Structure formats: C-alpha cells, structure tokens
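First the structure, which I've put down as structure tokens, then a few questions once you've had a look.
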Amino acid sequence: MTTTRGIGLQLGAKGHRIGTLVTSPAVGAEARLAELGIELPPVPPPVANFVRWRRVDNTLYISGHGPIHPDGSRDRGKVGTDLTVEEAKASARLTGLNLLATTRAALGSLDRVKQIVKVLGMVNSGPGFDRQPEVIDGFSDLMVEVFGDAGRHARSAVGLAELPFGIPVEIEMIVEVEDTAPE
C-alpha cells in the first residue's frame, strides 16, 4: 500500500520545532496543493542567459529563483536591516512556490517528483545577521507541506552581501524524478 506523509509540529529542546511524521492514505503533491489551497504562480522567465531547469536522467536541476509575485514584482531588501526574519521567511516561501511552478512546467506534474534532494538557499544579509537557516526554513517547510517526507532535503543556507535586484533570498534545488508519469 502506498502512503504519504504529512508533518505535525512539536517543540523540542530549547523550543526548536521538530517534525512528527504522520502516515495517511496516498495523496499526491498536486492533490496536496489543492488541499492546502495553494495556486502556483506563472513561471517567471529567466533574467539573463540561462535556462530555468535542466534534466539529466532522473535528476532535475533547477536554477536559482527569487521571490517574484504573480504580477512580476519582487520582494527586495537586506535581511536584518530592511526585513525581519519573518518577512524573509515569507519571501523564501514565495520563492518555493516559484520553484514548484518551474518543477511542474519541467515535469508536467509535481506528482512525478520522487524527492527533493539538495537545496542551496542564499540570503541577502545585513551586517551581523546570522539566522540564514531560519529564513530558508520558509522554503523547506513548504516542501514538507507539499511532499511530506520526500520534501525533506539536504541543504545549505548561506549569507551573502548582495543578491540580484536586491532580492532577500535566492534558492536553487535538485530534484529526483520518477521514471514515468503517474497513472
């Protein structure tokens, strides 16, 4: 029997959130988006000389995305100076929605995602700001909401002095893809 996992949250030592795996009847990522009431934005076009994604065998490499709203506007600002951690987490979540839109465009359906393998999250950080992992959790939490355990990934979260167009976060990801489309 196929199962999917949902995530419940509980507090661990020092008040940090930890996940609790919940097993339920199979629900694909597309159905899960509908359950969550999430509509993906249009895929933003590349802003320079690159492609949004490249597939090699069963691996999908997705170029860095930023927090672009459906109307084409971008979140901007340096985290710790112009933006709070919560505002930056919201930007990371929006970036995740853009990455999901590109993934769907590349594969035809998010149900073809076997797992999120690796993520690089870059945070436009003000002087002394050191909470980059917390910011990128806005993205990571979304992946677990949509894919369950398959959304958990290896990750780097780094602070940079600047990002293109002054955006607060940029995220790229690597996805393992099912061999064939689901039936």
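The values are calculated or read from the model by the stated rules, or taken from the named source; none is laboratory data. Please read these numbers as outputs of a predicted model, since none were measured by experiment. Glycine gets a Cβ as well: all are built from the backbone with ideal geometry, and neighbour counts include every protein chain shown.
Among the residues of the range 101-117, are any within 27 Å of residue 161 (Cα to Cα), buried (at least 20 other Cβ atoms within 10 Å of the Cβ) and among the small types (Gly, Ala, Ser)?
Checked the range 101-117: no residue is within 27 Å of residue 161 (Cα to Cα), buried (at least 20 other Cβ atoms within 10 Å of the Cβ) and among the small types (Gly, Ala, Ser).
If you don't mind, another one. Going by the conditions given, is residue 128 farther than 18 Å from residue 29 by Cα and either at pLDDT 95 or above or part of a loop (DSSP other than H, G, I, E, B) (or both)?
For residue 128, the condition - farther than 18 Å from residue 29 by Cα and either at pLDDT 95 or above or part of a loop (DSSP other than H, G, I, E, B) (or both) - is met.
A follow-up question, please. In the list 162, 134, 145, which residue meets the criterion of being over 16 Å from residue 100 (Cβ atoms), part of a helix (DSSP H, G or I) and modelled with pLDDT of 95 or more?
Checking each option against the conditions leaves just 134.
A follow-up question, please. Counting only residues that are within 21 Å of residue 172 (Cβ to Cβ), free of Cβ contacts under 8 Å to residues at least 24 places away in the same chain and of a type outside the set (Val, Ile, Thr), how many does the range 56-90 have?
Residues in the range 56-90 being within 21 Å of residue 172 (Cβ to Cβ), free of Cβ contacts under 8 Å to residues at least 24 places away in the same chain and of a type outside the set (Val, Ile, Thr): 1 in total.
Specify which of the listed residues (101, 106, 150) is more than 27 Å from residue 45 (Cβ to Cβ), at pLDDT 95 or above, small (Gly, Ala, Ser) and not in a strand (DSSP E or B).
150
On the given criteria, is residue 95 assigned to a helix (DSSP H, G or I), at negative phi and among the polar types (S, T, N, Q)?
Criteria met by residue 95.
While we're on this one: From 133, 127, 168, which residue is in contact (Cβ under 8 Å) with a residue 12 or more places away in the chain and either acidic (Asp, Glu) or buried (at least 19 other Cβ atoms within 10 Å of the Cβ) (or both)?
One residue alone meets the criteria, 168.
Looking at (1) within 25 Å of residue 157 (Cβ to Cβ); (2) crowded, with 18+ Cβ neighbours inside 10 Å, can you tell me which one residue 50 breaks?
So residue 50 meets the others, but not (2).
Take residue 123 and decide whether it is more than 18 Å from the chain's Cα centre (by Cα) and either assigned to a strand (DSSP E or B) or aliphatic (A, V, I, L, M) (or both).
Judged against the criteria, residue 123 is not a match.
Quick test of your reading of the structure: residue 81 fulfils all but one of (1) surrounded by fewer than 19 Cβ atoms within 10 Å (Cβ to Cβ); (2) β-branched (Val, Ile, Thr); (3) in contact with a helix residue (DSSP H, G or I) (Cβ under 8 Å, 6 or more places away or on another chain). Name the failing condition by number.
(3)
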